[in-house]
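Colleague: Please find one structure pasted underneath; my questions will follow.
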Amino acid sequence: MAEKNEYWNQPLETLEFDTLRELQLRKFRRVYQWVWDKSKLYRGKYEAAGLDRDSIKSWDDVSKVPLLTKDDYRCQGVDPFPYGDSLCVPIEEVTEFHQTSGTTGTPVYQPDTWADWEWWSECWATILWAQGFRPEDRIFIPFGYNIFVAYWAGHYACEKIGCEVVPGGVLGTRERLEKMRELKVNGFMATPTYVLGMAETAQKELGADPKEWGIEKILCAGEPGALIPTTKARMEEAWGCGVRDHVGATEVGAWSFECRHRPGGLHVLESMFLVELLALDSDEPVTEPGVPGRIVITSFDRQAQPCVRFDTKDVSMWKEGGCDCGRTWRILERGVHGRLDHITKVKGVLFSPVTVEEVVRSFPELEGEFEIVVSKKGDLDVIELTLEMPDGCSEEAKNTLLDNLKSQLRFKTQLNFKIKPVEFGSMPRHQIKAKRFHDMRGK
């Protein structure tokens, strides 16, 4: 049941579907005309596709608009420096610079105006409120603030809804934990990897049980782990509280979230974004529930460098039915399943690294890091899993654990893994995004 104070913006969050679609079409037409008028990049793509400024008259016209990818942004670095032809405002109106992490190639530069930054905060405020963040909360952000947007917008949105914010900045993990305990914070934000890493550090270096610290809420972003049941369960067990997921991107914005009612996936923030699913191997729309598609996003209200039909290369599928929270926005079942370039065929079998995380995290003994590498040996694909073994594990216990793990991996993926056990603590710990999958074939 929805509580009385459930919504940050109830009229938008509970719009009837037909009214919402009318609003989205008007907003899509507006941003389309904005980039036509203001951006050489967009106008050139649209003219090449045979479109003009007034081509968007109905939903059927939206699919005619060419897709945008990161490669389109990678022409940056020229005048107006450093954004190039994607910039839609005079350079003097840009007040915020951020860039992507570069984990999939050359980083993309992202300019924002002050109005854009207010838009970012409004998106995040909607998400935080839906997850139960309230003015009485004291929220810790254990993150090095730098050129990546990450939790900058989350920080300002916490302030916007009235939370007290404690920035973790340049502190080390141990110092962050000590400050959280000292100030009795009741919530924080981090990647799933770091949520688990912080719990590990608290136990091993501080001799403390994080469940006793009074943490009531954790917001995750940056990785799919918070919607992988075994990873979510491990985080919630470690901290003794609910963990909620959120997905956004530097180029796109904060576009989806898991509410406190656990809808079985991610609500799409449909008043601010148009999210489409297209077939994995074509541009045909995917509208029926339960069918995987790649996520294409339009940001309606951004000015400096909007995204119009941006192909994220992420994969998800629509969920049938709604949520107990009462929001009318659609839901992506199980959130983001992984990246299209990570969902690949190995030995002729469609493989997703997310499945490996789900299996590994289902073994309570395996608390450490892991890494997956796919390579070629002659004409054969080889898939190797390197993972940390628990301290003090006997040879017999280790062999039994590895046999069970290999069996579960085979059952879930239909693949045989070469497993390489290493000493606990010997693999790198990550504070931001952990890159655990490497496809070395053809390299």
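Colleague: What is the ratio of the Cα radius of gyration of the range 155-242 to 2.2 N^0.38 Å, with N the residue count, to two decimals?
Modeller: 1.05
Colleague: Got the relative contact order for the range 344-439 handy, in percent, Cα pairs under 8 Å and 6 or more residues apart?
Modeller: Worked out over the range 344-439, it gives 34 percent.
Colleague: While we're here: For Lys211, put the label point 7 Å out on the Cα→Cβ axis and report which residues of the range 342-379 keep their amide N under 20 Å from it.
Modeller: 361-368
Colleague: Within the range 332-368, which residues have the backbone N less than 13 Å from the label spot 7 Å out from Leu67 along Cα→beta-carbon, could you tell me?
Modeller: Residues passing the 13 Å test: 340-341.
Colleague: Related question: Across the range 344-439, what fraction of all alpha-carbon pairs, as a whole percent, falls in each successive 5 Å bin from zero upward?
Modeller: 2, 12, 24, 26, 18, 12, 5, 1
Colleague: I would also like to ask the following. Can you tell me the FRET efficiency between Asn146 and Gln10 if r is taken as the Cβ-Cβ distance and R0 is 35 Å, rounded to the nearest 0.05?
Modeller: Between Asn146 and Gln10 the formula returns 0.45.
Colleague: Quick one: which residues, 5+ away or cross-chain, put their amide H under 5 Å from the amide H of Leu68? H built at 1.01 Å from N.
Modeller: Sorted by chain and number, the residues that satisfy this are Phe310, Asp311.
Colleague: In whole angstrom, how far apart do the alpha carbon centroids of the range 1-41 and the range 201-223 sit?
Modeller: First find each Cα centre; the distance between them is then 36 Å.
Colleague: How much mean residue ellipticity at 222 nm does the chain get from its helices, if each DSSP H run of length 4 or more adds -39500 (n - 2.57) and you divide by all residues, to the nearest 500 deg cm²/dmol? Show your work: numbers first, answer last.
Modeller: On the way: 12 runs with 133 residues, N = 443.
Rounded to the nearest 500, it is -9000 deg cm²/dmol.
Colleague: A further question follows. Under the 0.36 nm per residue contour assumption, what length would be gained going from the current alpha-carbon distance of His438 and Leu23 to full extension?
Modeller: Details: separation 415, 0.36 × 415 = 149.40 nm, distance 4.17 nm.
My answer for the length gained is 145.2 nm.
Colleague: Which log10 I(q)/I(0) values, to two decimals, does the chain give at q = 0.10, 0.11, 0.14 Å⁻¹ under the Debye formula with one point per Cα?
Modeller: Result of the Debye calculation: -0.75, -0.92, -1.43.
Colleague: Which whole-Hz ³J(HN,Hα) couplings does the range 302-315 yield from phi under the Karplus relation 6.51 cos²θ - 1.76 cosθ + 1.60, θ = phi - 60°, glycine and proline marked x?
Modeller: Those phi angles translate into 8, 10, 5, 8, x, 9, 10, 6, 8, 7, 6, 6, 8, 10 Hz.
Colleague: Moving on. Could you tell me the calculated FRET efficiency between Leu380 and Asp324, based on Cβ-Cβ distance and R0 = 41 angstrom, to the nearest 0.05? Write out the running numbers ahead of the final one.
Modeller: Working: r = 49 Å, r/R0 = 1.19.
Using R0 = 41 Å, I get an efficiency of 0.25.
Colleague: While we're on this one: Expected output is a single nm value to one decimal: the length gained when fully extending between Phe81 and Asp37, i.e. 0.36 nm times separation in residues minus the C-alpha distance. What is it?
Modeller: 13.9 nm
Colleague: Taking each pair of different alpha-carbon atoms in the range 92-170 once, compute 1/r for the pair, average those values, and report the inverse of that mean as the Kirkwood hydrodynamic radius in Å to one decimal.
Modeller: Details: mean 1/r = 0.0743 Å⁻¹.
The answer is 13.5 Å.
Colleague: Just for the range 1-339, what percent of DSSP beta bridges are antiparallel, to the closest 5?
Modeller: 65
Colleague: Given Lys345/Lys418; Lys319/Lys376; Lys211/Lys420, which pairs have Cα atoms separated by over 28 Å?
Modeller: Long pairs (Cα-Cα over 28 Å): Lys319/Lys376; Lys211/Lys420.
Taken together, the values in this text are just the output of simple stated rules run on the coordinates, not laboratory data. Because the structure is a prediction, the values reported are computed rather than measured. Note: ideal-geometry Cβ built from the backbone for every residue, glycine included; neighbour counts use all protein chains shown.
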